[in-house]
Amino acid sequence: MLFANQSLAMWAFFLSVIPLIIVYLLRPKAKDVLIPSIIFITAVTQQKKKYARVLSKLIKDPLFLIQLLILLSLIIAIAAPYGVEHREVSGEYTVLILDGSASMQSGNKLDKVIEIAENHLTAQNSIILAENVPILALRGGDVEAAKNVLGSFPKTATTADLYQAITLGSTLLTDGGGRILVVSDFTNWDGEDPHIAKKLAEGDGIDVSFMSVSGGENKIAITGGWLSPVDDKYQYTCIIKNYMSSAANVAVDVMYSGKQSADTYNLKIGAHDSEYFSLKDICAGTTEITLHPDDDMMIDNHAHIVVPLQQTRRVLCISDYENSPSATALKLLPSVDAVFMAPGAGGEDLQNINIHDHDLVVVGLCNESPGAGLYENLADYAAAGGGVVVMAQESLLLPGTDTGRLLPVVPVSMANETTLKGAQGGVMGDIDVADIAIGHHLNVDAKTGAVAWVTSDDGVPVISYWRIGAGKVVYLGIPDIMGDDAWSDFHTKPEYPIFWLDLVDYLCGASSIEECNMQTGSTVQFDLKTRILTPAGQSIKTDKLLLDQTGVYHLPYHKIAVNLYNAKESNLVDGSGSVSETPGAQKDVVTTKTDVKKEHDWILLVIALMLLFTELYYLRYRGEL
């Protein structure tokens, strides 16, 4: 028998078993009292007891033995014992394409998929999860690696593009050999017909097999839903579809922010018919709608709604120009309370203002440098979760001006005319930056970790972003200087006020109703890797999130409700749970021997649990429990 974690088990032994033995050895000793009538007997046996005293002290208490066996069982389990089984498998390279669509969650389809996949593993395996975009879960792994991936097979709820998944699988088999096995219910798919991809792959000498799984019944489903503003609240409307061949009495339960509503709504829907259901006065927070009766595919019996909290954002503008285009835009923005303050020489006028009372600080055009102290205070403010915007200006180049750790760039020198390119995410995605004329700009050096939203034609960051602690800082290299000294014409564009609206929302963590309610299969792009909690409770860190689960995703600044809303995906073909196969071309297969690890730690955990119950029973027997 082999062990995977021997060193860890040794540490556990010395930290648990040795202290247990010491505790039992140091227990208070019983006091011996000499009784004359038995002195002779005691004297005869005293020498014998002297040699066996230590051993008898340990074994005379059954509780010690039970506790020792429990610890030894757990320590050996920590060591991860395993055996190696020599198994003969096919020497081929197999690409397993597993359907990750929502319909695969009905009945026990996922269990069948895993069983089929495990029965078709070969010496070399790749696993592709077929969602609306194919996900490569494993590339070229052995049997053990493939089983580990299958053991954590996710429950996803998108549609499946089998054509693209087969195409991706074909590119993995570059030598033209190997085989592709597609396991799906084939009830619905995105894109081209997978049979076309099958023929194309077979034309390249790749054996492609389809295996179909079926089972489960979907009675009712929410196949669509949307929110409409009504005064300061929202109205939710959804479409409820009855897939049964008889009329259905549908009960609708509503839960507001985790609290069950006292009202239950009832609808009668005809066979294969649909009905609209509306819910008024949806306030800020999360709302969940659940349909009954239950069926084999419950993910479309639920609808999740997130309404973001609308609140006034306090913005502090530090500038000598209160009537600049940016100041005018901020004054006119809805739900924004803009406060203006001139910096003064060295920033003395700002000492009486608590910047932490504001959601966003904008450092606009200043005739003189506000001073290094202000930038240091703004860095602390951003680290605590605030948002900061600093406009490019000549005062950043003045001697004694040090932006320190605040900006994502280091100003170097003045530069003249350039063209803009490469709007990368952020709030610039819908703006044609090539249309903005630039007469002047600052040459800057990007710091490590900075993200350039817009660059000049020679790669100098013009609009850049980064995070400091929990906050966000934006360097805006397109100031709103007007007249003959203007650096650009951006402030004359109709998109300029919208840019400021999006920038304030972005830096203050506000989101639109559309950004908080999305459909499975959508993607969310982040500027930096962001920690996200999925509806399944898994914490992930990514800069591009595929919304492939129904429920509520928790992001640092808001939540996203994700629903299936797909009538075709909800329309299951009611089967008997059978498995059918469409084989590819038959050919001779060379087998090879491989080592498969068989873990035994679960046996030791069961033994430890049984010993624990034995200890409790013994303590009860002794009257100590």
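The values are calculated or read from the model by the stated rules, or taken from the named source; none is laboratory data. A quick note: this is a predicted structure, and the numbers were derived from the prediction, not measured. When we count neighbours, we look across all protein chains shown, and the Cβ atoms used for this are built from the backbone with ideal geometry, even at glycine. For the accessible areas, the whole protein counts, side chains as well, though only heavy atoms, and no ligand, DNA or RNA atoms are used. Shrake-Rupley method; radii C 1.70, N 1.55, O 1.52, S 1.80 Å.
Observations on the structure shown:
- Electrostatic tally near ASN5: other residues with Cβ closer than 12 Å to its Cβ, Lys and Arg +1, Asp and Glu -1, net -2.
- Inter-probe distance in nm under a simple model that places probes 7 Å from Cα toward Cβ, at SER245 and LEU267: 2.4
- The range 193-328: translational diffusion in µm²/s, Stokes-Einstein, Kirkwood Rh over Cα pairs, 20 °C, 1.002 mPa s: 111
- Summed over all non-identical Cα pairs, the Kirkwood treatment of the range 276-329 gives a radius of 15.8 Å.
- All C-alpha to C-alpha distances of the chain, sorted into 10 Å bins beginning at zero, yield P(r) values of 3, 12, 16, 15, 16, 16, 11, 6, 3, 2, 1, 0, 0 percent in whole numbers.
- Calculated FRET efficiency, GLN538 to ASN367, Cβ-Cβ distance, R0 = 45 Å: about 0.30 to the nearest 0.05.
- Rg then Dmax, both in Å and based on the Cα atoms of the range 262-415: 25.2, 79.
- The range 385-540 - Rg (one decimal) and Dmax (whole number), Cα, Å: 16.8, 58
- Straight-line reach from LYS241: taking Cα to Cα under 17 Å and skipping same-chain neighbours fewer than 8 places apart, the aspartates and glutamates in range are GLU217, ASP253, ASP273, GLU275, ASP294, ASP295, ASP296, ASP300, GLU569, ASP574.
- Solvent-accessible surface of the chain, averaged per residue with a 1.4 angstrom probe and all protein chains in place: 51 square angstrom.
- For the chain, the relative contact order works out to 16 percent when only alpha carbon pairs closer than 8 Å and six or more residues apart are counted.
- Restraint check, LYS259/LYS559; LYS109/LYS233; LYS331/LYS472; LYS331/LYS447, Cα-Cα greater than 29 Å: LYS109/LYS233; LYS331/LYS447
- Cut-off under 5 Å, modelled amide H: who pairs with GLY215 long-range: GLY575, GLY577
- Other residues lying with their Cβ under 15 Å from the Cβ of SER228 contribute a combined charge of -2, Lys and Arg counting +1, Asp and Glu -1.
- Distances between placed amide hydrogens fall under 5 Å for ARG313 paired with VAL336, ASP337, all partners being 5 or more residues away or on another chain.
- TYR256/GLU144 FRET efficiency (R0 45 Å; Cβ-Cβ; nearest 0.05): 0.40
- Working note: Karplus 6.51/-1.76/1.60 with θ = phi - 60° gives the range 548-558 the couplings 10, 10, 8, x, 10, 8, 9, 9, x, 10, 6 Hz, where Gly and Pro are set to x.
- Across the range 614-625, computed HN-Hα scalar couplings (Karplus, 6.51 cos²θ - 1.76 cosθ + 1.60, θ = phi - 60°) run 4, 4, 5, 5, 5, 5, 5, 5, 7, x, 9, 9 Hz from first to last residue, x flagging Gly and Pro.
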